[in-house]
Structure formats: structure tokens, C-alpha cells
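The values are calculated or read from the model by the stated rules, or taken from the named source; none is laboratory data. Remember, it's a predicted structure, so these values are computed and weren't measured experimentally. Note: accessible area is taken over every heavy atom of the protein model, side chains too, but ligands, DNA and RNA are not part of it. Shrake-Rupley method; radii C 1.70, N 1.55, O 1.52, S 1.80 Å.
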Amino acid sequence: SRLEGRDDIRAFLTATWAANPLTYTEYRVLAIHDTTDPEVIIVEQEAVGTHDGRPFALPNLLVLRVRDGLITHNRDYVHFLAAAAALG
């Protein structure tokens, strides 16, 4: 889905995190990759946490465009099979 503006993004994230049964404790940055576009970076990371007392680590990729110190575009690629496994 596409979100535009801080209010839309904030409302979406608030609702998503409230309904999420996974408890996240940290994000681990595994690598940051430069691109040929100076405004774009790719971040490999893991979302780490627990679900029903079991630990999990969900790998994902972020493609970020940053302009004047602000994120102007974010594309988040989630490893759905790892998410399904974390949920049991």
C-alpha cells in the first residue's frame, strides 16, 4: 500500500504495531549499501524480538531515499516466510 504524509504514516504504524502479536526488542543493521544515486541507500537489517516467549529474527531490506536530511521515500521488503515462522 502507499502512504503519504506524516499523519498517514503515523496512523498506519500505530494501528499496525497495536495489532501485531510479535514483540520487537531491537533492529540490527547488518549492512548499508550505497547506490549510484546519492539520495538512495539500501539497508539490510533484522527485526529481533519474541513471540509467546520464543525468540525470532526477521530479515528485511529497506530502500530509502533521503533528501535534505528527511526520508522522502521508503520501501520495506519483509521476509514473509520468516514472519510466518515467528508467528508459529
On average, how much accessible surface per residue is there in the chain, in Å², for a 1.4 Å probe, leaving out ligands, DNA and RNA?
-> 75
Mind sorting out which of [x] 25, 18, 10; [y] 32, 17, 13; [z] 29, 14, 11 is the real semi-axes √(5λ) of the Cα gyration tensor in Å computed from the coordinates?
-> [x]
Length gain on complete extension for the stretch Asn20 to Ala84, per 0.36 nm per residue less the alpha carbon to alpha carbon distance?
-> 21.8 nm
Quick one: with all protein chains in place, what share of the accessible area of the chain is carbon or sulfur, to the nearest percent (1.4 Å probe)?
-> 57
